[in-house]
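Input: a single structure, listed below in structure tokens.
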Amino acid sequence: MSFYQFKDYIEEGDLVLAFIGRGNLKPLTVKRGSTLGTRYGNFDHDRMIGMKFGEQMSGAKGHGFIHLLHPTPELWTISLPHRTQIVYTPDSSYIIQRLGVTSGTRVIEAGTGSGSFSHAFARTLGEDGRLFSYEFHEPRYLEAKQEFQDHGLLDVNTLITHRDVCEGGFEINDLPAKFDKNGINGDVVFLDLPSPWTAIPHLDKVISKTSRVGICCFSPCIEQVDKAVKALQENGWSGIEMVEVAAKRWESRMDMVKDISDVVKRLKDIQSRKSKGIENRRRVKATQAGEKRDIEQVEADDSEEPKKFQNLGKGFNPFGKGMRVREGDSQWQWKNVTKVEADIKSHTSYLTFAYMNPNVKISE
């Protein structure tokens, strides 16, 4: 299975992302004789073979359905098994754009973690680029390496190493021939580490000496940012800037068009019903207080004496309020609008960017 190119039909051994519902995306490897069990029914892998990616598949007894999606780095980020905090698409896409990662770029990534960003890097680099990924935790390293092998990353442009770069640096002995370019010679560095300031001094031996190099430190705490900035300054990096990506969702919908004459009629109706309500409350109050003289006066005005506050109903409302109106109902006039989420969901991490330009010397 490949994250680098698309295919039309599902084959045995392919990675398929089963879209079960909003927020519920299940990764599975298609294998004859296996079954995916969900709350909506069972889905046999045998029936998936030969189906098209993106197709809707019904349950074994004709009840329920799922969609069979082709894997992409963005969908994998949503569905992958979490071994650590991961880099989500709003951050990863911004980092890739900001650092100018493209086909042929040589990227140094530490640490690998759950491999979310690794897939996005690998897809963007293409066959000509190279990704050098480092993970210090051995169980996570072994799981990530197996995933990269299953997904075809190791066969194209990715090399993963078990190493604590904060202590041991980034240099790799006996680099495979297709990864060796007078050493690692990285163009871009991404550090997702608890203490990136201890790894920054080791970068000088593995980054390019002939072109500008960009770095991004992914840190959840501002104290980490402070220490990373000091280390970058001490080691000759310039153009230092910290940003935070705050993503909001926009939705498109239809809003009812309201005519001014209908609004005026509605306001008059509200005022009329308000006046009647005030009068009715007066009568009830007079009755409860035993003010006979006022009661006689009320009876003279109106022979029917209310015993309680009357429900005047919903009154005139041309906008469908108080009843369920289907969006786009032809009885009313509509217009297309957009609406943004009221609140930003949450903070992930601070992104600290800097650059190393071999043609620029930073004065003391």
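Bear in mind these aren't lab numbers, they're just calculated from the coordinates by the rules spelled out. The structure displayed is predicted, hence computed values, not measured ones. Reconstructed Cβ throughout: ideal geometry from the backbone, glycine too, with neighbour counts over all protein chains shown.
Side notes on the structure shown:
- Hull shadow area, averaged, segment 1-154 [alpha-carbon convex hull, nm²]: 9.4
- Modelled this way, with points 7 Å down the Cα-to-C-beta line, the labels at residue 276 and residue 154 are 8.0 nm from one another.
- Estimated FRET transfer efficiency (residue 178, residue 326; beta-carbon r; R0 56 Å; 0.05): 0.40
- When the P(r) of segment 1-45 is calculated, the portion above 11 Å amounts to 71% of the C-alpha pairs.
- When the alpha carbon coordinates of segment 98-253 are projected onto the principal axes, the ranges are 51, 40, 33 Å, largest first.
- Förster-model FRET efficiency, 41 Å R0, residue 257 and residue 40, C-beta, rounded to 0.05: 0.60
- With respect to the chain, whose longest principal axis is taken over its alpha-carbon atoms, helix 89-98 is tilted by about 50°.
- Cβ crowding within 10 Å, taken as a proxy for footprinting-reagent exposure, orders 353, 218 from fewest neighbours to most as 353, 218.
- DSSP bridge pairs, the chain: antiparallel proportion in percent, nearest 5: 65
- Once the Cα atoms are used to define both axes, helix 138-150 deviates from the longest principal axis of the chain by about 90 degrees.
- Residue-span extension gain [residue 167 to residue 235] - 0.36 nm each, minus C-alpha spacing: 22.8 nm
- Seen from a random direction on average, the alpha-carbon convex hull of segment 87-170 projects onto 5.1 square nanometres.
- GNM flexibility winner over the chain from 266, 140, 130 (Cα, springs under 10 Å): 266
- Footprinting exposure proxy for 83, 281, 326 (fewest neighbouring C-beta atoms within 10 Å first): 326, 281, 83
- Helical contribution to [θ] at 222 nm, DSSP H n ≥ 4, -39,500 (n - 2.57), averaged over the chain, rounded to 500: -8500 deg cm²/dmol
- Estimated FRET transfer efficiency (residue 334, residue 22; beta-carbon r; R0 35 Å; 0.05): 0.90
- Computed over segment 172-279, the convex hull of the alpha-carbon atoms projects to a mean area of 16.0 nm².
- Sorting 158-170, 184-196 by average packing, meaning the other beta carbons within 10 Å per residue, from highest down gives 184-196, 158-170.
- Among (1) 108, 66, 37; (2) 55, 43, 42; (3) 71, 51, 36, the entry that matches Cα extents along the principal axes in Å as calculated here: (1)
- Label-zone membership for segment 263-277, site residue 284, 7 angstrom Cα→C-beta point, backbone N under 17 Å: 273-277
- The alpha carbons of segment 143-232 stretch over 39, 33, 22 Å along the principal axes, in descending order.
- For segment 29-93, the alpha-carbon coordinates run over 41, 22, 21 Å along the three principal axes, in decreasing order.
- Fewest neighbouring Cβ atoms within 10 Å first, the residues 340, 87 line up as 340, 87.
- On Cα atoms only, tilt of 222-234 relative to the major axis of the chain in degrees: 30
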